[in-house]
Each structure stands twice: as C-alpha cells, then as structure tokens.
Amino acid sequence: MNDSPGSPAATFSAPHVPRWRATLAGVLLLAGWGLLPARLIQLQGSQHAQLHSRVSRQSVHEEVLPARPGDILDRSGQALAMTIECESLYAVPSGMQDPLQFAWQVSSVLNLNTDELYDRLVRHRDKQFLWVRRRLDDRQVEQLRQLKLPPGTWGLRTEFQRRYLHDGYAAHVIGLRDIDNRGQGGLEEALESDLRGEDGIRVLARDARGVLMEVDEALSRPPQPGRTVVSSIDLPLQI
C-alpha cells in the first residue's frame, strides 16, 4: 500500500536483541572453533598409538613355523623313526565371497562332504585361518593348484609327518607322535624336550582380502629342529 502525499513516512526497526544473548552466542561460537583443533590434536596425538595398534591388529599376523622333530636311531645309526615334509591345506573364510563354490571345488579333490565344509566356512567366516585337510599327498596338492582358487582364500602350509621304519618294529618302545607332532608314549614322549625342537614365528602383513603383502624378517624367528636321538636298540640283532 502506497503512502498518500503528505502523510508521514512509515519507519521499520529490527527487533531488539538483548546484549547478553549476543554475547553468549559469540562465546559459544568461539568455544566451538576452539574445540575443533583440540580434537584434531587429540586424534593425532594421544589416540595415534591406539589407532595405529588397531590397524596393525587388522593387517599384521603371526604364523607359527613348526620345528622338525629329531630322528630316532638304533645304536648302530639306523633310522627307526624319521620325519618327512608334507603340505596341509587351510582356508581364509574372511576373504571368501563365495564359500559354497570354494567348498564344492575343494571337496571334489579331497573327497570331503561339501555341506559340512561349507557350514564350517560360514560358522568361521570372520577367521583368517581354518584347517581344511592336513597331511596331503603330492597328487592332492597338484590337483588343488590346478583348481586356481581365488587368491587370499586358501593356502598350503608345510608340516612334518612321522614315519616309522621296519614295519613299526619296537613300536611299544618307540611310541608315536600325534598330528600336532606331540610325543605319545615310549621314547617319543620321554624324550619330547629333545626331539621336538623349538617352533619359529613368521610375522606377515595381509591386505583386507587376506592376500600376503610382505614378511617382516626382523620380527620373524626361524624354527630350531629337534635333536637326533640314538637309542640302545640294536636293530640287526633284535629283528
């Protein structure tokens, strides 16, 4: 609506804001800007070690390198028990996108139950290591490699397997070693501290898919093989 000539001009004024409110708003604004760099300093300073440790736990892992058990000989030096190398298969469930396909392929080679292997993979889906089958023969190892399974979902680990010669002669005296190479009975158990050796450690880094990126040689430690033991058994005389 236009003012008519001669009428006084209309005036408008902004609403009055109390001084204390303006002062409070300014103080809060300054405080907010002051807390921002303080938070950044806290993250980069006091929490840096914590965040670094968390990242390290997610990417750096320790792998046990089993020691080779020492041999058991008779008094003339003939082997009664010796150790050979073999490969064992493990899976990396956390790195799998299709555990059913993995279970189907591997089961066809190792004659495993596909459903049972799939269930194990799903139940342990957050793990980066799960034994599938230990002590494989050379034919099984070659067939697994031919499958060309996705990298970061599986691997082969060298283990040791005990072999008893001469048809297990004096087995009750020699004893045996279980799948984890622990002595059970006889000389195997009685001389465990000498025969077993000392396991090593390999420190390695993996990416988010579990693929090996590098090995930290400085923090790794090679295994120390067990000692060879000469027994009082005289093989030529006692067979």
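The values are calculated or read from the model by the stated rules, or taken from the named source; none is laboratory data. Because the structure is predicted, anything quoted here is derived from the model rather than measured. Backbone-built Cβ (ideal geometry, glycine too); neighbour counts: all protein chains shown. When the accessible area is computed, the model is the full protein with side chains, heavy atoms only, and any ligands, DNA or RNA have been set aside. Shrake-Rupley method; radii C 1.70, N 1.55, O 1.52, S 1.80 Å.
Tabulated data
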item: Karplus 3J(HN,Hα) series, Hz, for region 192-201 with 6.51 cos²θ - 1.76 cosθ + 1.60 (x for Gly, Pro); result: 3, 5, 8, 6, 5, x, 10, 5, x, 9
item: Accessible-area order (highest first, 1.4 angstrom probe) of the listed residues MET82, MET96; result: MET82, MET96
item: Phi-based couplings in Hz for region 80-85 (Karplus 6.51, -1.76, 1.60; Gly and Pro marked x); result: 9, 9, 9, 10, 10, 8
item: Label-point separation, ARG145 to VAL60 (7 Å along Cα→Cβ), nm; result: 3.2 nm
item: Pairwise FRET efficiency - VAL230 versus ARG123, Cβ, R0 = 45 Å, nearest 0.05; result: 0.45
